[in-house]
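What follows draws every value from the coordinates through simple rules; no lab data is involved. Note that the coordinates shown come from a computational prediction; the quantities given were computed from them, not determined experimentally. All Cβ positions, even for glycine, are placed from backbone atoms using ideal geometry, and neighbour counts span all protein chains on display.
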Amino acid sequence: MAANSNSKYLAHGVGRRKSSVARVYMASGSGKITVNHRDIKDYFPMGTSQYVINQPMTLLSLADKYDLNINVKGGGFTGQAGAIRLGVARALLKVDPSFRPELKAAGFLTRDPRAVERKKYGKSGARKSYQFSKR
């Protein structure tokens with residue numbers, strides 16, 4: 001489902017967090033959120049993830065004005081929820097650029113750069129070493 005010029009979607013936003021990538025398609029509607037062709041409550045049973053996803057919409061009091069169709073892949077639930085939040089915020093900007101000051105002040109437009117540090121050779125992890133012995 002691509003957001004073409006003749007599609008039913010108002011805006012499209014891409015969000016990333018850790019190794020998760022979320023594509024958010026926004027259409028005018030009643031506030032229905034679909035994640036990977038499933039309802040948000042089925043895909044994210046934890047309330048904290050649902051809360052994180054709805055933060056930008058709740059901040060602007062738009063929770064019941066737009067339907068969201070979300071495709072997300074990679075990472076775990078927390079990373080996916082963070083990626084979706086960034087994608088929703090970016091899609092809202094395309095709908096109305098006047099939302100920018102509020103979203104920016106809340107920190108929803110900043111991509112979180114933290115990711116897993118790579119493992120180094122000679123070590124058992126990124127920083128953890130093998131046990132030292134003199135003999």
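Figures for the structure shown
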quantity: Lys/Arg +1, Asp/Glu -1 at C-beta; the chain dipole; positive extreme among Ser133, Pro97, Asn54; calculated: Ser133
quantity: Label assignment, log10 I(q)/I(0) by the Debye sum over Cα atoms at q = 0.10, 0.11 Å⁻¹ derived from the structure, set [x] -0.33, -0.40; [y] -0.29, -0.36; [z] -0.38, -0.44; calculated: [z]
quantity: Whichever lysines have a C-alpha closer than 28 Å to that of Lys134, once near sequence neighbours (fewer than 8 apart) are set aside; calculated: Lys119, Lys120, Lys123
quantity: Residues Asn36 and Ser124, FRET efficiency given R0 of 22 Å [Cβ-Cβ distance, rounded to 0.05]; calculated: 0.05
quantity: Cα centre as origin, Lys/Arg/Asp/Glu Cβ charges: the stretch 19-95 dipole, Debye; calculated: 200 debye
quantity: Nearest-ten-degree value, helix 47-59 long axis tilted from longest Cα axis of the chain; calculated: 50 degrees
quantity: Likely footprinting exposure, Tyr121, Tyr9, Tyr66, fewest C-beta neighbours within 10 Å first; calculated: Tyr121, Tyr9, Tyr66
quantity: Value of [θ]222 nm, deg cm²/dmol, for the chain, DSSP H segments ≥ 4, -39500 (n - 2.57) each, nearest 500; calculated: -9500 deg cm²/dmol
quantity: Gain on full stretching of the segment that runs from Tyr51 to Ser7 - 0.36 nm per residue minus C-alpha separation; calculated: 13.0 nm
quantity: Charge-dipole axis of the chain as Lys and Arg at +1 and Asp and Glu at -1 on Cβ define it, positive-most pick from Gly122, Val88, Ala63; calculated: Gly122
quantity: 15 Å Cα-Cα reach of Lys18 towards aspartates and glutamates, excluding residues that sit fewer than 8 places from it in its own chain; calculated: Asp112, Glu117
quantity: In degrees, nearest ten, helix 77-95 long axis to first principal axis of the chain (Cα); calculated: 40 degrees
quantity: Cα-centred dipole magnitude for the chain, charges only on beta-carbon of K, R (+1) and D, E (-1), debye, nearest 20; calculated: 1240 debye
quantity: Using a Förster distance of 30 Å, the FRET efficiency for Ala115-Lys94 (Cβ separation, nearest 0.05); calculated: 0.70
quantity: Part-to-part distance (alpha-carbon centres) for the stretch 85-119 and the stretch 15-62, which is given in Å; calculated: 13 Å
